[in-house]
1. Check off (1) assigned to a loop (DSSP other than H, G, I, E, B); (2) surrounded by 23 or more Cβ atoms within 10 Å (Cβ to Cβ); (3) not aromatic (Phe, Trp, Tyr) for Glu223 and give me the number that stays unchecked.
2. When only residues in segment 192-209 that are exposed (fewer than 14 other Cβ atoms within 10 Å of the Cβ) and out of contact with any Leu (no Cβ under 9 Å at 6 or more places or on another chain) count, which is farthest from Ala167 (Cα to Cα)?
3. Inside segment 391-407, can you point out the residues that are buried (at least 24 other Cβ atoms within 10 Å of the Cβ) and part of a strand (DSSP E or B)?
4. Would you be able to say whether some residue in segment 358-374 is part of a loop (DSSP other than H, G, I, E, B), within 18 Å of the chain's Cα centre (by Cα) and of a type outside the set (Phe, Trp, Tyr)?
5. Mind telling me which of the residues Gly274, Gly261, Gly224 ends up being within 27 Å of Pro329 (Cα to Cα) and at pLDDT 95 or above?
6. Restricting the search to segment 141-156, which residues are part of a helix (DSSP H, G or I) and buried (at least 24 other Cβ atoms within 10 Å of the Cβ)?
7. Please go through segment 252-285 and pick out each residue that is surrounded by fewer than 24 Cβ atoms within 10 Å (Cβ to Cβ) and assigned to a loop (DSSP other than H, G, I, E, B).
8. Given the conditions (1) surrounded by fewer than 22 Cβ atoms within 10 Å (Cβ to Cβ); (2) in contact (Cβ under 8 Å) with a residue 24 or more places away in the chain; (3) touching an Asp or Glu at 6+ places or on another chain (Cβ under 9 Å); (4) not in a loop (DSSP other than H, G, I, E, B), report the number of the one that Gly349 does not fulfil.
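The values are calculated or read from the model by the stated rules, or taken from the named source; none is laboratory data. Note that the coordinates shown come from a computational prediction; the quantities given were computed from them, not determined experimentally. Note: ideal-geometry Cβ built from the backbone for every residue, glycine included; neighbour counts use all protein chains shown.
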Amino acid sequence: MDRSGKGGVGRRTFLGAASAGALTATLAGCLGGGGDDGLTIGHLAPTDNPLGIGSTRTAEMAVEELNEDGGFNGEEAELITRDTRTDPAEAQNVTEELIQQENVNLLIGTFNSETTQSILDLTAEFDVPFMITGSAAPSLITDSVGSDYEQYKNIFRIGPINSDFQAESIADYCTYLNDRHGWSRVAFLRDQAEWTTPFGDQIPDLLSERGLDLVYEDALSIEGTDFSPVMSDINDSDADFVLRFFAHIDGGDMLTRWHEGQYEFGIEGVHVSGMLPSYNEAYNGAATYETTSQSGAAGVAPITERTESFVSDYASRYQDEEESPIRAPMYMGFNTYDGISVFKEVVDGIGTTSTRDNLDDFVDEMLGVDFTGVAGQVSFYGEDAEYPHDVQEERGDDGTVTNYPVTQWVSETELECVYPEQYRTAEHQMPPWMQ
């Protein structure tokens with residue numbers, strides 16, 4: 001398998017790039033018994049978004065593979081996907097349907113933190129195990145499981161690591177950039193969204209502790225941003241690179257201006273749109289030399305012994321589909337696949353799929369999980385930790401966080417993993433006009 005991303009997406013239409021209709025109910029009733037008659041897994045995702053499409057597909061892969069491999073404590077699972085539309089009210093509606101009408105034994109998924117937050121009380125009220133696979137806000141854990149353990153003990157985060165750990169990891173990555181290129185002056189941009197609040201709170205101090213200078217800072221509206229004045233302001237700040245955190249904002253216009261104007265700064269950090277395997281082709285190579293952190297490093301590095309084969313299987317299965325993502329599922333898909341695999345291990349361990357009637361046993365077994373997934377090792381913090389039931393960060397010998405790898409576009413179709421060292425497939429490249 002090569003690292004290219006097959007499948008097109010409109011230059012300004014990431015969030016609406018794919019049709020939802022076929023995917024929303026694709027799997028209902030086709031993978032085994034469910035509802036009152038059997039084991040049912042409810043999957044929640046924005047299915048008009050490539051991120052949600054990738055998650056839906058990997059949920060399908062996991063359920064089919066595990067059903068064929070003896071099932072979940074001997075039972076076949078039915079998978080039902082519902083479209084959250086990245087809207088809290090809609091997420092509540094479809095979650096209530098899955099709980100009350102479909103009698104799900106597990107809920108898994110959700111993307112943006114605001115949508116995830118809107119359904120926490122509902123899942124807790126009915127004792128439904130809920131695995132978060134796309135939302136990073138620490139408050140999703142600290143304000144639920146961390147504030148009332150007995151009420152919210154049904155909630156776990158499979159990935160990604162929370163934004164507090166992400167901020168620390170990215171700050172250490174900035175140290176790598178300083179060591180490699182001598183870059184020390186940082187401009188800082190972020191979505192105006194819940195998941196980026198920890199970055200706003202922590203990044204300035206984290207950079208200062210590492211001897212780096214914050215020379216520009218702004219939080220951008222997710223309703224639409226004119227990048228012309230932003231680029232001008234960053235240029236005037238004499239920054240060596242931009243550290244940006246975009247999940248709701250498509251930074252394609254920023255990248256196009258960057259290449260066309262050959263601005264004298266790098267573009268680093270997190271860019272969810274840029275994780276789409278066909279993204280750089282859609283923007284005619286404008287993303288080349290930008291980086292983004294992402295779970296599983298898009299499958300271009302052996303994060304575990306399972307990572308690359310998982311992405312190869314995904315690509316083989318969906319290579320003829322029209323909707324992106326084709327070559328790799330994007331970060332939420334990695335986490336969703338791992339979550340369903342963990343669920344099998346746990347119900348096998350407790351000897352029942354009746355998770356809602358045996359929630360204490362389910363929780364105890366979850367807290368003992370140490371699972372090698374496709375995105376990394378999966379284990380959880382316990383009741384008395386700062387982030388109870390959150391996925392644990394992994395650390396290298398030097399203490400730096402390692403399970404938030406950074407990838408860089410090095411051509412229109414090729415990605416490399418540039419950080420951390422143990423997963424690096426290539427050193428970070430400076431744009432040629434800066435050399």
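1. Among (1) assigned to a loop (DSSP other than H, G, I, E, B); (2) surrounded by 23 or more Cβ atoms within 10 Å (Cβ to Cβ); (3) not aromatic (Phe, Trp, Tyr), Glu223 violates only (2).
2. Of everything passing the filter in segment 192-209, Glu209 is farthest from Ala167 (Cα to Cα).
3. Selection gives Val391, Val406, Thr407.
4. Scanning segment 358-374, I find at least one residue that is part of a loop (DSSP other than H, G, I, E, B), within 18 Å of the chain's Cα centre (by Cα) and of a type outside the set (Phe, Trp, Tyr), so the answer is yes.
5. Working: Gly261 fails: within 27 Å of Pro329 (Cα to Cα); Gly224 fails: at pLDDT 95 or above.
Going through Gly274, Gly261, Gly224 in turn, the sole match is Gly274.
6. Across segment 141-156, the qualifying residue is only Ile141.
7. Hits for segment 252-285 are Gln262, Tyr263, Glu264, Phe265, Ser278, Asn284, Gly285.
8. (2)
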